[in-house]
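Remarks on the structure that follows.
None of the figures in this text is laboratory data; all of them are computed from the coordinates on show. Everything quoted here is computed from the prediction, not taken from an experiment. All Cβ positions, even for glycine, are placed from backbone atoms using ideal geometry, and neighbour counts span all protein chains on display.
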Amino acid sequence: MAIRSLLWMFLAGAFCFLNGETSVQLQPPDWARLDAFQGTLSKSTFEQTLHQVYCPRVSWYQDWIKLNESAVLIRKKRGEDSWYSLSFSEGNQTISKNPDVLFADKKNNLNGVRIALDPGHIGGQYSEMEGRHFALNGSLPVKEGDLALSVAVRLKQKLSGLGAAVKLIREKNEPVTVLRPHDFAGEAEIWVRQRELLLKKKFNPEERAKLMRKRKEILFYRISEIHARAKLVNEDIRPDLVICLHLNAAPWSDPEKFELVERNDFHVLVNGCYMGGELSDDNQRFEMVFRLVNRWNKTEQHIAESVSHAFTRKTNLPIFNYKGPNALKVGNVPGVWARNLLANRIYHCPVVFLEPYVANSHDAYERIMLGNYKGKKKINGKWKESLVEEYADSVFLGIKKSLLPVRR
């Protein structure tokens with residue numbers, strides 16, 4: 001595959017991750033799972049959380065969610081006048097079914113706290129397919145999946161040292177899902193036919209083969225892989241917290257030359273900011289409400305803000321700020337944003353999703369090329385740890401600060 005294509009895919013993927021626009025034969029949502037939350041949230045809590053975290057525009061949810069004085073009605077199936085009624089609590093009191101924030105035990109360690117680390121993407125031989133891979137001037141390629149796993153391994157060591165029970169969702173640069181692209185030939189064929197009907201044209205054999213290949217690959221690494229990880233998280237690991245580890249990237253300053261950019265920054269994501277088209281999907285609508293009533297946003301924001309502070313102190317990186325409608329600023333701490341991504345939506349616990357460093361910036365690229373060295377090296381006149389160590393330590397310090405000392 002041409003380097004230009006690889007670079008474009010890597011960079012485009014950094015800004016447009018998993019929003020669930022495609023699916024792999026999902027089961028319809030089980031609305032009865034909300035029964036346990038009847039009468040637990042006040043109307044003011046539900047409405048405030050909806051607007052400040054999950055859906056800031058009434059126009060995005062008005063066809064799907066109806067707020068009454070005593071209950072909220074949620075449309076159960078698109079195109080049908082069938083609604084789930086979730087009653088509000090009496091006396092405008094919210095009774096949380098889960099702790100709003102995780103804390104350390106009485107000895108100020110993390111004994112009993114279960115943390116899952118999710119190294120983003122797959123890496124290895126799949127990095128080119130994923131578009132999380134680029135190489136310049138014959139140098140070793142940058143593979144986001146490989147870097148994320150290196151950070152996860154180091155972060156596990158640090159968190160385990162405080163007594164946390166830490167699991168890696170993947171321990172090597174191989175897929176979690178047992179499926180492969182060829183398993184999605186049928187769904188890809190249906191998708192291509194739908195595109196032909198929509199465009200009122202027939203693709204030539206070469207175009208068709210390319211579209212089929214890309215569709216099968218996307219269903220494999222974007223959708224099936226994340227759902228396989230979610231099954232592992234929700235059914236086996238059952239953590240108190242998931243940390244998703246990624247690296248960011250920026251558009252090239254000159255698309256024809258692919259020169260490294262100056263920009264290098266970070267931001268931290270929590271789940272939220274569901275747009276109208278996303279809420280029209282039955283599963284996404286259910287998952288949003290399910291996360292809201294579980295009150296996971298409180299823990300997510302608390303830890304995300306602490307991690308953001310830690311990155312600022314440790315790295316001196318500037319904050320990345322979104323400008324489009326697909327992200328919502330939450331809280332007052334710079335660098336913490338809400339986005340609706342597949343991974344931070346379908347993992348059934350608090351999820352903090354990290355996007356530090358711009359991999360194709362001068363500073364980050366030079367440090368990546370140096371590998372995960374010990375101690376510090378002088379880079380552009382400053383002594384710095386390896387990028388992997390600095391990344392892992394920033395997250396560790398943020399989590400540690402958010403959970404310690406004990407707060408009761």
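Worth a mention:
- Given their separation in residues at 0.36 nm each and the Cα-Cα distance between them, LYS214 and ARG238 gain 5.3 nm when the chain is fully extended.
- GNM on the chain, alpha-carbon springs under 10 angstrom: the most fluctuating residue among ILE243, ILE218, ILE226 is ILE218.
- The relative contact order of the chain comes to 22 percent, based on Cα pairs under 8 Å that sit 6 or more residues apart.
- FRET efficiency for ASP254 and LEU140, using Cβ-Cβ distance with R0 set to 22 Å, rounded to 0.05: 0.45
- Listed residue (VAL307, MET288, LEU328) projecting farthest to the positive dipole end of region 256-408, Cβ model: VAL307
- For the chain, size of Cβ-based charge dipole, Lys and Arg +1, Asp and Glu -1, in debye: 640
- Per residue Cα convex hull volume in Å³ - calculated over region 258-408: 141
- Beta bridge orientation in the chain: antiparallel %, DSSP, nearest 5: 50
- Over the chain: Rg over Rh, Cα atoms, Kirkwood Rh: 0.97
- Nearby lysines by direct alpha-carbon distance to LYS374 (threshold 29 angstrom, same-chain neighbours under 8 apart not counted): LYS143, LYS156, LYS158, LYS167, LYS172, LYS314, LYS382, LYS384, LYS400, LYS401
- Set of lysines with alpha-carbon distance to LYS76 below 24 Å, sequence-local pairs under 8 removed: LYS43, LYS66, LYS97, LYS231
- Projected area averaged over orientations for region 66-195, convex hull of C-alpha atoms, nm²: 15.6
- Using a Förster distance of 30 Å, the FRET efficiency for LYS231-ARG313 (Cβ separation, nearest 0.05): 0.25
- Ordered by the count of other Cβ atoms within 10 Å of each Cβ, fewest first, ILE115, ILE399 give ILE115, ILE399.
- Inter-centroid distance (Cα atoms) of region 335-382 relative to region 288-326, Å: 14
- Based on Cα contacts under 8 Å between residues 6+ apart, region 288-380 shows a relative contact order of 25 percent.
- For the chain, a Gaussian network of Cα nodes joined below 10 Å ranks SER386, SER82, SER361 by mean-square fluctuation, and the top entry is SER82.
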